[in-house]
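*Asks:* Please see the structure below; I have some questions.
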Amino acid sequence: MIQKTDRRKLFVTLVALGLLVLVVAVVAVVRPMPSSETSMSTETAKKEAPETTDKSENTDTPAATEPTDTPTEPVIDPATVATVTIEPLSLTVFYLKGVGGFDFEVFRTTGGTKYVQFSSSKLIGTKCTDDKGQFVSIIENPSDDESTTLAKTTTVDGTTYGLSLAEATCTSDSDLLKQYQNAFSEPFSLLKKM
């Protein structure tokens, strides 16, 4: 009789264990496992939420209303520009028509930097010795020291060019100097290699 009782206990235990495995299997199939996409979406949402909050908190601060540092180049009508070819630099320089006559010379610094200097006899003043009426220079691959004096820079086919504006200390006509400088400054981004 003891054996029948042990067999019953063993049978009941096996049936209970089988039912337990069956219940666990059913729960596992019915309940969907979280996918990796769901995890990524949750992580992305967590990363984006603070940024949105930060932006909304800063909309009333003066820093949010300041203009960006990137200036936008004005759109220039091609009919208003003319070109001059600087053969020693293999460069075509654009300027606004109507500025008047000018000369240019190409130089090389002791450090090896090439540059073209534009001048006009109309700008020669009496304040400086040997004034030539210089109004702008275009420097090819300016050094770090030269870059600090540049008004604009542009890169053409991997070569950097800088526009340097002459000071108004020597000229006798500062308004005319500004006109000449503006004529070369506005279309400066149109520079191209020959």
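*Asks:* Using a/c under 1.5 as the rounded threshold, could you call the range 140-194 rounded, prolate or oblate? The axes a ≥ b ≥ c are square roots of the C-alpha gyration tensor eigenvalues, and prolate needs a/b larger than b/c, oblate otherwise. The partial results should precede the final answer.
*Replies:* Values: a/c = 3.46, a/b = 1.60, b/c = 2.16.
Oblate, since a/c reaches 1.5 and b/c is not below a/b.
*Asks:* Report, in whole Å, the centroid distance computed from the Cα atoms of the range 98-136 and the range 1-23.
*Replies:* Using only Cα atoms to place each centre, the spacing works out to 107 Å.
Readers should treat all values here as calculations from the given coordinates under stated rules, not as data from a laboratory. Bear in mind that the values here come from a model prediction, so they are computed numbers and not experimental data.
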